[in-house]
Protein chains: 2
Amino acid sequence: MRIAIDAMGGDHAPAAQVEAVLSSAAEWPDTEFILVGRAEAIEPLLAGKRHPNVAIEDAKEIIEADDEPVRAVRRKADSSMVVAGRMVKEGRADAMISAGNTGALMAVGLLVVGRLKGIERPGLTSMLPTLDDVGVLVLDLGANMDAKPEQLLQYATMGSIYREKVNGLKKPRVGLLNVGTEAAKGNELTKAAFELLEKAPIHFVGNVEARDVLEGVCDVLVCDGFSGNILLKAMEGTASATFKILREELTSSWKNKLAAAVLKPSFRKVRTKMDYNEYNGAPLLGVNGLVIKGHGSSNARAMKTAIRQARAAIQGGVIAALEGEIRGE
Amino acid sequence: MRIAIDAMGGDHAPAAQVEAVLSSAAEWPDTEFILVGRAEAIEPLLAGKRHPNVAIEDAKEIIEADDEPVRAVRRKADSSMVVAGRMVKEGRADAMISAGNTGALMAVGLLVVGRLKGIERPGLTSMLPTLDDVGVLVLDLGANMDAKPEQLLQYATMGSIYREKVNGLKKPRVGLLNVGTEAAKGNELTKAAFELLEKAPIHFVGNVEARDVLEGVCDVLVCDGFSGNILLKAMEGTASATFKILREELTSSWKNKLAAAVLKPSFRKVRTKMDYNEYNGAPLLGVNGLVIKGHGSSNARAMKTAIRQARAAIQGGVIAALEGEIRGE
């Protein structure tokens, strides 16, 4: 299998991308890794060594974090992200991974790779940590701000197939993000979606409140892009604020500093557990090829996690399974 | 001034309510406190003492936490919550406070107290903690699941007046909960609301992302009831999960337990700071009288905080100010 990696996208590109690819190339000799980006930036990082399963696809342009997504994808035809997308489209890669501009990656999915037939609006996903370490795949997280009930149903179906094929879960539990657990709760969108989800051939476990998401009550959580974004960023902000206050308190006296020093490894573990970067590599579901998003702050370890997800998605035959499901097979 | 307290609503009723009233009655002799509820449950808690500014208004029924709100309010005409609402309606109390069934309290606001003329949908508010300890008034948190842009504008205006009159903030900063800070971000609702808020005679500071809410970037945050509920519960769930993992980690060895014991007062401080119960007492904005909601788990201290809010709201002349604003004075 062949995986194209956007070597220029993300806060630590291209160093983290190259490091992750070298480590992956050694671990998985059956896979060909194509670093897409400026050859003159990538080659020095390879330090002149030959790696039989690592190649470079030269792409001169870079889509920046603050570029307007659609315009950037249209104008920067020779950017690393667009070229990687084109490789997937043309079958020269089985998956692409990018930690660059999220909006642009969605545009690459829609405009370069193209939608899966029958899918109205692809969904942006993320794996959130759960207390039981299984994680929950949440979608949509911002691709589709004003979702329709039928689109939430498509997210549920696609998420369910993904968790089964990639993570090996039998009958993944699908939840609907809502303001209460009772069936009649919610806004017009969730009330209508609830009825569709109940009838669908998935393992629907009902409404899930935002406060229970981290408890691991479902494997797939569906929502419109607006609510999903609020959920994700509220979690991020709260965890960050908690650790900020904690840090202030624990350095407020010498006694505290000493005790905190003893606990440092424990604090690091807690932080890691709450850090959704640990679950790096979330697919754009509904495009006709594997487009995997890495977090913008991905380091080499996070990129490798994303590569592992991409490999599992290729091996699981996710795209074929999605196509089959949509055709009703 | 006279404040009616629903003595029967909340997890710790009536003990917490009575304790808070006794302490408040001693601190604020200018205020009359009316405990509304079953006299036979309240009287023993007063221990036979006479308090010149504490009265009991007997109400035989109780609206339970799991009662269907509208039906309960219609059928239980002699419940403590409905009676307290009627006292506000009839001018026998200047404010009412309840820590009972939130949905029922909204129904009391709408059906018993009544809407302010010109307000389409009252909003449910909550004060969330911020790192700078000022707190942010968020609305709506669930009264209005499918809000219209004009309703978000009304929330902004009402929230702004409340913060000014009750908390003494000059030109309260009003933010719009959204998925990005740029003006063009969001769903149809927030895009339309942004345009209205920009033109309104308030101090609009633009879009606010969920991750920045706790940083204290605004004094009033407006959103539809669905998103507000997701925000609030995501914060609650994340804080709770973080402390859960922390507790597990810090008791995982004797060394950790010893160090954690030293830090116990600090942990308690952090927890308190993240606890939105500390800011108890949030108004139902848009009804024709002061209806203040206490958190269901309110203890006596939290109830007293709510009483303090009610006093400030009465003294600030919030309802008259809201009426004046709506009439365009």
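For this structure, a couple of remarks:
- Looking only at residues of the stretch A:291-314 that are over 12 Å from the mean Cα position of the chain (by Cα) and assigned to a loop (DSSP other than H, G, I, E, B), we find that the one that is surrounded by the fewest Cβ atoms within 10 Å (Cβ to Cβ) is A:S297.
- For the residues B:V222, B:V213, B:V217, the requirement of being within 14 Å of chain A (Cβ to nearest Cβ), within 23 Å of B:Y279 (Cα to Cα), touching a Phe, Trp or Tyr at 6+ places or on another chain (Cβ under 8 Å) and not aromatic (F, W, Y) singles out B:V222.
- Scope the stretch B:132-141; condition surrounded by 19 or more Cβ atoms within 10 Å (Cβ to Cβ) and within 19 Å of B:K171 (Cα to Cα); matching residues: B:V136, B:L137, B:V138, B:L139
- The requirement of being closer than 27 Å to B:G180 by Cβ and of a type in the set (G, A, S) is fulfilled somewhere in the stretch B:241-264, by at least one residue.
- Screening A:G228 with (1) more than 10 Å from chain B (Cβ to nearest Cβ); (2) not in a strand (DSSP E or B) gives one miss only, at (1).
- Just one residue in the set A:A184, A:A192 is more than 30 Å from A:A312 (Cα to Cα), in contact with a Lys or Arg (Cβ under 8 Å, 6 or more places away or on another chain) and within 14 Å of chain B (Cβ to nearest Cβ); that residue is A:A184.
- Within the stretch B:21-44, the set of residues being farther than 23 Å from B:G109 by Cα and not charged (D, E, K, R) comprises B:L22, B:S23, B:S24, B:A25, B:A26, B:W28, B:P29, B:A39, B:A41, B:I42, B:P44.
- Checking A:D275, A:D219 one by one, the residue that is touching a Ser or Thr at 6+ places or on another chain (Cβ under 9 Å) and either surrounded by 17 or more Cβ atoms within 10 Å (Cβ to Cβ) or under 16 Å from A:S126 (Cα atoms) (or both) is A:D219 and no other.
- Those residues of the stretch B:246-264 which are basic (K, R) and within 16 Å of A:L246 (Cβ to Cβ), in sequence order: B:R247, B:K264
Per-residue answers, yes or no, for (1) free of Cβ contacts under 8 Å to residues at least 40 places away in the same chain; (2) among the small types (G, A, S):
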position	(1), (2)
B:E90	yes, no
B:I97	no, no
B:N101	no, no
B:R121	no, no
B:L152	no, no
B:S160	no, yes
B:T181	yes, no
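- Selection count where residues are over 18 Å from the mean Cα position of the chain (by Cα), more than 12 Å from chain B (Cβ to nearest Cβ) and of a type in the set (D, E), scope the stretch A:138-176: 1
Quick grid of which residues meet (1) more than 8 Å from every other protein chain (Cβ to nearest Cβ); (2) out of contact with any His (no Cβ under 9 Å at 6 or more places or on another chain); (3) surrounded by fewer than 20 Cβ atoms within 10 Å (Cβ to Cβ):
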| position | (1), (2), (3) |
| --- | --- |
| A:K233 | no, yes, no |
| A:V262 | no, yes, yes |
| A:R268 | yes, yes, yes |
| A:R271 | yes, yes, yes |
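- From A:A241, A:A210, A:A184, A:A193, residue being among the aliphatic types (A, V, I, L, M), over 20 Å from A:G123 (Cα atoms) and crowded, with 18+ Cβ neighbours inside 10 Å: A:A241
- Failed item, numbered, when A:P201 is tested on (1) under 19 Å from the mean Cα position of the chain (by Cα); (2) more than 11 Å from chain B (Cβ to nearest Cβ); (3) not β-branched (V, I, T): (1)
- Selection status of B:N256, in a strand (DSSP E or B), within 12 Å of chain A (Cβ to nearest Cβ) and polar (S, T, N, Q): no
- Residue within the stretch A:114-131 that is charged (D, E, K, R), surrounded by 18 or more Cβ atoms within 10 Å (Cβ to Cβ) and modelled with pLDDT of 95 or more present: no
The values are calculated or read from the model by the stated rules, or taken from the named source; none is laboratory data. Computed from a predicted structure; not experimentally measured. Don't worry about glycine lacking a Cβ; one is built from the backbone with ideal geometry, like all the others, and counts go over all protein chains shown.
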